[in-house]
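Heads up, the thing below is written out as structure tokens.
The values are calculated or read from the model by the stated rules, or taken from the named source; none is laboratory data. Note that the coordinates shown come from a computational prediction; the quantities given were computed from them, not determined experimentally. With ideal geometry, Cβ positions are generated from the backbone for all residues, glycine too; neighbour counts draw on all protein chains shown. Note: accessible area is taken over every heavy atom of the protein model, side chains too, but ligands, DNA and RNA are not part of it. Shrake-Rupley method; radii C 1.70, N 1.55, O 1.52, S 1.80 Å.
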Amino acid sequence: MIDLEQVRADTPGVGHVAHFNNAGSALPPRAVLDAVVDHLRREAEIGGYEAADEREGRWEHTYDALARLIHAGRDEIAVVENATRAWDMAFYAFRFAPGDRILTGRAEYASNYIALRQVADRTGAEIEVVENDEHGQFDVAALERLLDERVKLVSLVHVPTQSGLVNPAAAVGAITRAAGVPLLLDACQSVGQLHLDVDEIGCDILSATGRKFLRGPRGTGFLYVRRDLIAALEPPFLDLHAAEWQPDGSYRIRDDARRFENWETYYAGKIGLGVAADYALALGLDAIRARIDGLARSLRERLAAIGGVTVHDRGQTLAALVTFTLEGRSATEIQRDLVAQAINVSVSPADSSQLDLGARGLDEVVRASVHYYNSEDELDRLVAAVQAAA
Ligand SMILES: Cc1ncc(COP(=O)(O)O)c(C=O)c1O
């Protein structure tokens, strides 16, 4: 069980706003804020390199915390700037040839799809979209039918940016693993809100961000690459951190996942990211999930009961993101109305998810994303404000 009073006491932001933009960037706990500010202060006092040396244990700990969070090894983790860069560093390491097939799904995120498209256009590989099943989620049976020896990668978004869907990642992983096809899982929206175990899921690569449900600092993200795949993936960019320049003029790429990092990094953020992972682990991912699920279900039901509101989330399992439209009002207008009342929600536009919102003919939806620290009072305020806007 989440101790609501305690987690709210730990979260300075709840005194200012009812924050339902956790899928954008959550309010960090004080421990994360303090860790970041403290490190920045130390850098200002003794110098950036010196502060990094002095506190090596703190930022090295981040690899252990993230590894625990997703049940991986610390050598399989790279800490980078954001989820997109994490995803890109792995994806652009694949070598595709004409006729290769890359499978994706309707939940695919804009940045991922743009990268898929660019690489397909350059290499002659083909992108194919695995359709949704009758529940509105990635169709596992369709995937099975589509797999053949030409499929070189499956890209799956676990929880999309634009809806409450949780895609059946473990069912997908069981199939890709049996077929020997790498599964690249975008866990940007699921890390910090769902229990994640890379072995249970069967993914080979996982990308995630710090600032969303994990409640870490902005400008942080991480990548997991399965140990036995690391050596096969040559990063698209190399520097003197990812590789070592040899006296004979050649270079040797690192053996661990840090080959996907680069030398200069945001140490304060890296430390804060580890503190955020520790905080989530201390609460427990099952307790986090249970509280989020209760809040999201209640919000969906209450919004759906308002005349003119349509809730758009589809799928057998739903997460923290609650998306809706209100007849006669644009999503942007609603967001503006709510922000004026210190209630934060966001707008998901079709151009962040053309294969889903675009295909469903939805230009934009309001996205209210709950976190475990949201109170029932805040939910009441949100529902009342939408009711008033209707
Ligand atoms: C599903 C999904 N994937 C990837 C990203 C990109 O994450 P980042 O902004 O950390 O690069 C987002 C961001 O909203 C997302 O929702």
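A few remarks follow.
- Rolling a 1.4 angstrom probe over the range 1-62 with all protein chains present gives an accessible area of which 52% lies on carbon and sulfur atoms.
- Expected-Rg normalisation [2.2 N^0.38 Å, Cα atoms] applied to the range 312-390: 1.11
- For the range 194-298, relative contact order (Cα pairs under 8 Å, six or more residues apart, normalised by length) works out to 28 percent.
- Using C-alpha pairs below 8 Å separated by at least 6 residues, the relative contact order for the chain is 24 percent.
- In this rough spin-label picture, where each label sits 7 Å from Cα along the Cβ direction, the Ser250-Glu144 distance is 4.6 nm.
- Compactness of the chain is given as radius of gyration and Dmax, 21.1, 73 Å, from Cα positions.
- Computed over the alpha carbons of the range 1-65, Rg followed by Dmax gives 15.1, 42 Å.
- In this label model, Ala340 and Thr317 are separated by 4.1 nm, measuring between points 7 Å along each Cα→Cβ vector.
- Paramagnetic label reach from Glu333 (point 7 Å along Cα→Cβ; backbone nitrogen cut-off under 13 Å): within the range 366-390, residues 389-390.
- In units of the rule-of-thumb radius 2.2 N^0.38 Å, the range 157-212 shows an alpha carbon radius of gyration of 1.08.
- Cα-based shape type of the range 192-238, given that a ≥ b ≥ c are square roots of the gyration tensor eigenvalues and the cut on a/c is 1.5: oblate
- Of all DSSP-defined beta bridges confined to the chain, some 60% are antiparallel rather than parallel.
- Using a simple spin-label model with pseudo-atoms 7 Å out from Cα toward Cβ, Glu126 and His71 lie 3.6 nm apart.
- Histogram of C-alpha separations across the range 235-310, 5 Å bin width, %: 3, 12, 11, 10, 10, 9, 9, 10, 8, 7, 5, 3, 2, 1, 0
- Percent accessible area from carbon and sulfur atoms, the range 275-390, protein chains only, probe 1.4 Å: 47 percent
- Measure of compaction for the range 327-367 (Cα Rg per 2.2 N^0.38 Å): 1.22
- Contact order relative to length of the range 125-264, as percent, for alpha carbon pairs under 8 angstrom and 6 or more apart: 14 percent
- Centroid-to-centroid separation of the range 340-390 and the range 1-41 [C-alpha atoms, Å]: 20 Å
- The slack between Val17 and Tyr49, meaning 0.36 nm per residue of separation minus the straight C-alpha distance, is 7.9 nm.
- Legend: calculated FRET efficiency, Ala290 to Glu200, from the Cβ-Cβ distance at R0 = 22 Å, rounded to 0.05, equals 0.75.
- Estimated FRET transfer efficiency (Arg177, Asp363; beta-carbon r; R0 45 Å; 0.05): 0.75
- FRET efficiency, Ala384 to Ala170 (Cβ-Cβ, R0 30 Å, nearest 0.05): 0.20
- Accessible area of the chain divided out per residue, in Å², using a probe of 1.4 angstrom: 41 Å²
- Shape of the range 164-291, Cα gyration tensor, a/c cut at 1.5: oblate
- Rounded if a/c under 1.5, otherwise prolate or oblate - the range 16-146, Cα gyration tensor axes: prolate
- Note on the chain: with a GNM built from Cα contacts shorter than 10 Å, the maximum mean-square fluctuation among Tyr267, Tyr251, Tyr63 falls on Tyr251.
- Based on Cα atoms of the range 87-163, Rg over Rh with Rh as the Kirkwood radius reads 0.96.
- Panel note: the C-alpha atoms of the range 260-366, placed on their principal axes, show extents of 49, 32, 32 Å (largest first).
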